[in-house]
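The values are calculated or read from the model by the stated rules, or taken from the named source; none is laboratory data. Treat the numbers as computed from the prediction; the structure is a model and nothing was measured. Here the Cβ positions follow ideal geometry from the backbone for every residue, glycine too, while neighbour counts run over all protein chains shown. Calculation scope for accessible area: heavy atoms of the full protein, side chains included, ligands and nucleic acids excluded. Shrake-Rupley method; radii C 1.70, N 1.55, O 1.52, S 1.80 Å.
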Amino acid sequence: MSSISPILQQFSEEEQQEFVRYLKQKNRRGDTKNVQLFKLILAGNTDKIDEQLYGKPARNTYHALHKRLQDAVIDFVASQSIKGETSEELDILRLLLAARIFFEQKHYKIALKTLAKAEQLGLQYEIYALLTEIYHTKIQYAHLQTNTPLQSIITAAEQNLKYFNQEQHLAMAYATIKARLADNPKVSAKRVIIEVLDTYSISPNTGFTFKSLFQLMNVLVTAAEMHRNYFEIASYMSELYTIVSEKAALAEKHLYYHILILHLMAVSYFRNKNFTASLSFTEKMKQEMEKQKGKYKRLFEEKWTTLQALNLNYNNTAIDAISLLSNNKLLSLDGQITLIMCHFQQSQFTEGYTIFRGLNHSDQWYEKKMGWTWVVKKSIIEILLLVELDKLELVWSRLESFKKRFAPRLKKAGEEKALTFIKLVTLYYDNPNQVITSKFEEKVESSFKWIGTEREDIFVMSFYAWLKAKMTQRNLYEVTLELVNS
């Protein structure tokens, strides 16, 4: 697969057409094959691609062409981001660069005025990286600023440097926590988080910017996802959101990060099975997405749709969830898996499998794009769909494949529940009648080590609900809601 294929797959139809125009404008010769290569990669038609392009094997020529196309993709994405919505960072950067040019040209009065405007915006939006450059310039030309004492400039620069270092420490803490959890999946996520934050002297306070608060929340949610334990972070997330609430007056100035924070809070509450609170945050998220003429609406629409549908589904309004997802023409991979799950829980197995068959990339591709946990979940859903549709050969094939592909990593990650579940699915499919016996029920009860409804992962419970529905011969959706809300 081409290294740029995942990027091209995310281009909208409008962006695809715009990119073709961009390539044609760059082409100096009429026989350049970059447009043809772009279309082949976009269509996933990459088998012997050099021969398709040149009529004969030409790997070296192809690689040179691919390199030029990759460079063009980078330039196009960069130019589109600048040409599109003007960000606060770009506004400040333009002012800073303009001020420096004015200084070099000895237009000192307008240079100082432009630099002051850049500083004002930097402080307003708490963009400490650019403020570092602004204060560097202010100190460099301090001798021209007769109305501003040098010490006040130095004091402001030092204070900004503290905030900048705080953001750097958060970024390093995030990377450290993720690495430590990956190396030792069985260790307590909460303990790792506390230790790492202490190492970097990070303690949440009202001096945190919206970006910093988002970074810290993202650290917590990432750790919770890796361990499937959102209960551990619930109180910490609430504490951080209290700080966000105290900075409400600045929320619209930091709209992008505020929306991300609302999304993380909604995710945290959903995974802790507090659907009322989660729906409250998705509503706030939707309201924020409409602000500034819907500046970020398109960017966050998919995240909102999927999370809203999940909340609706587990809040006993599955029909609304299916309708919301089905009416979205550009559904994300998370959205597609959610829609398949909703159909499955309504015993609409054919509808679910039809959507599933559209997920035709390799597991390696999905793992790079969505992560290993997502691929495991996808594989389990496929097996359950095939069982319900009684596709005999495919069921046995997928069961064997699951054990071979995932068993070692699941054991290493301490995720034996998934393997136990697959073993029980195998037993059920081998002899469906045994599932209603007391012997099978005892086997199920002894196989799983539950940590309590409050702490147990919602998706783990949803898979188990299928087994319990078979054991009790009851409606799957009813059993699912009963388990999750008990």
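Put simply, the C-alpha atoms of segment 154-202 give a gyration tensor, and the ellipsoid matching it has half-axes of 29, 9, 5 Å, longest first. Taken as Cα centroids, segment 372-400 and segment 164-222 sit 36 Å apart, rounded to the nearest whole angstrom. Shape verdict for segment 380-486, please, from the Cα gyration tensor: rounded (a/c under 1.5), prolate (a/b greater than b/c) or oblate. The shape class here is oblate. Helical runs assigned H by DSSP (4 residues or longer) give the chain a calculated mean residue ellipticity at 222 nm of -24000 deg cm²/dmol, each run adding -39500 (n - 2.57) before division by the residue total. Neighbours of ILE49, meaning other residues whose beta-carbon lies under 15 angstrom from its beta-carbon, give a summed charge of +4 when Lys and Arg score +1 and Asp and Glu score -1.
Per residue, the chain exposes an accessible area of 52 Å² to a 1.4 Å probe, with every protein chain left in place. Placing unit charges on the Cβ atoms of the charged side chains and taking the dipole of the chain about its Cα centre, the candidate lying farthest along the positive direction among LEU467, GLN16, ALA173 is GLN16. For segment 289-382, the set of trypsin sites (Lys or Arg not before Pro) satisfying both a DSSP loop assignment and a count of at most 10 other C-beta atoms within 10 Å is given as LYS329, ARG357. Normalised by 2.2 N^0.38 Å, where N counts its residues, the alpha-carbon radius of gyration of segment 82-195 equals 1.44. Taking GluC sites (Glu not before Pro) in DSSP loop states with no more than 14 other Cβ atoms inside 10 Å as exposed sites, the chain has its longest site-free stretch at 86-289.
Working from Cα pairs under 8 Å separated by at least six residues, relative contact order for the chain is 8 percent. Mean separation of Cα pairs under 8 Å and 6 or more residues apart, divided by the residue count, gives segment 51-140 a relative contact order of 22 percent.
Could you name the lysines in cross-link range of LYS162, using Cα to Cα under 26 Å and dropping any fewer than eight places away on the same chain? Straight-line reach from LYS162, under 26 Å: LYS113, LYS117, LYS138, LYS178, LYS211, LYS247, LYS253. Computed from the Kirkwood radius of its Cα pairs, the Stokes-Einstein diffusion coefficient for segment 133-234 at 25 °C and 0.890 mPa s stands at 157 µm²/s.
Treating the Cα atoms of segment 233-383 as identical point scatterers in vacuum, please give the log10 of the normalised Debye intensity I(q)/I(0) at q = 0.08, 0.22 Å⁻¹, two decimals. Once normalised to I(0) and log-transformed, intensities are -0.25, -1.40. Net charge in the neighbourhood of HIS66 (other residues with Cβ under 13 Å of its Cβ; Lys, Arg +1, Asp, Glu -1) is +2. Using a probe radius of 1.4 angstrom, the carbon and sulfur fraction of the accessible surface of segment 274-361 is 51%.
For the listed residue pairs LYS329/LYS468; LYS368/LYS403; LYS417/LYS468; LYS417/LYS443, the alpha carbons are over 24 angstrom apart in LYS329/LYS468.
In whole angstrom, the chain maps to an equivalent ellipsoid with semi-axes of 47, 32, 20, each derived as √(5λ) from the alpha carbon gyration tensor and ordered largest first. First check a/c for segment 21-63, with a ≥ b ≥ c the square roots of the eigenvalues of its C-alpha gyration tensor; if it is under 1.5, answer rounded, and if not, answer prolate when a/b is larger than b/c or oblate otherwise. Since a/c reaches 1.5 but b/c is at least a/b, the shape of segment 21-63 is classed as oblate.
Each Lys or Arg adds one and each Asp or Glu subtracts one; over the other residues with Cβ under 10 Å from the Cβ of ARG474, this totals 0. Under a crude label model (7 Å from the Cα following the beta-carbon direction), how far is THR317 from LEU330 in nanometres? Going from the THR317 label point to the LEU330 one covers 2.6 nm. Entry note: segment 332-419 has Rg to Rh equal to 0.95, where both radii use alpha-carbon atoms and Rh is the Kirkwood radius. Taken as Cα centroids, segment 416-486 and segment 341-361 sit 20 Å apart, rounded to the nearest whole angstrom. Using a Förster distance of 56 angstrom, determine the FRET efficiency expected from the C-beta separation of ILE110 and ALA407, and round it to 0.05. Efficiency for this residue pair is about 0.25. As a size descriptor, the averaged projected area of the C-alpha convex hull of segment 250-308 was calculated at 3.5 nm². Considering segment 302-365 at the alpha-carbon level, its Rg and Dmax are found to be 11.4, 35 Å. Can you bin segment 388-451 into rounded, prolate or oblate? Criterion: square roots of the alpha carbon gyration tensor eigenvalues sorted a ≥ b ≥ c, rounded for a/c under 1.5, prolate for a/b above b/c, oblate for the rest. Oblate shape, in that a/c is at least 1.5 and b/c is the bigger or equal ratio.
Note on the chain: with charges restricted to the Cβ of Lys and Arg (+1) and Asp and Glu (-1), its dipole about the Cα centre is near 1220 debye. Relative contact order of segment 128-210: 28 percent, from C-alpha pairs under 8 Å at least 6 residues apart in sequence. Residue by residue, segment 95-111 carries 3J(HN,Hα) couplings of 5, 4, 5, 5, 4, 5, 5, 4, 4, 4, 8, 6, 8, 5, 4, 6, 5 Hz when phi is fed to the Karplus relation 6.51 cos²θ - 1.76 cosθ + 1.60 (θ = phi - 60°); x denotes Gly or Pro.
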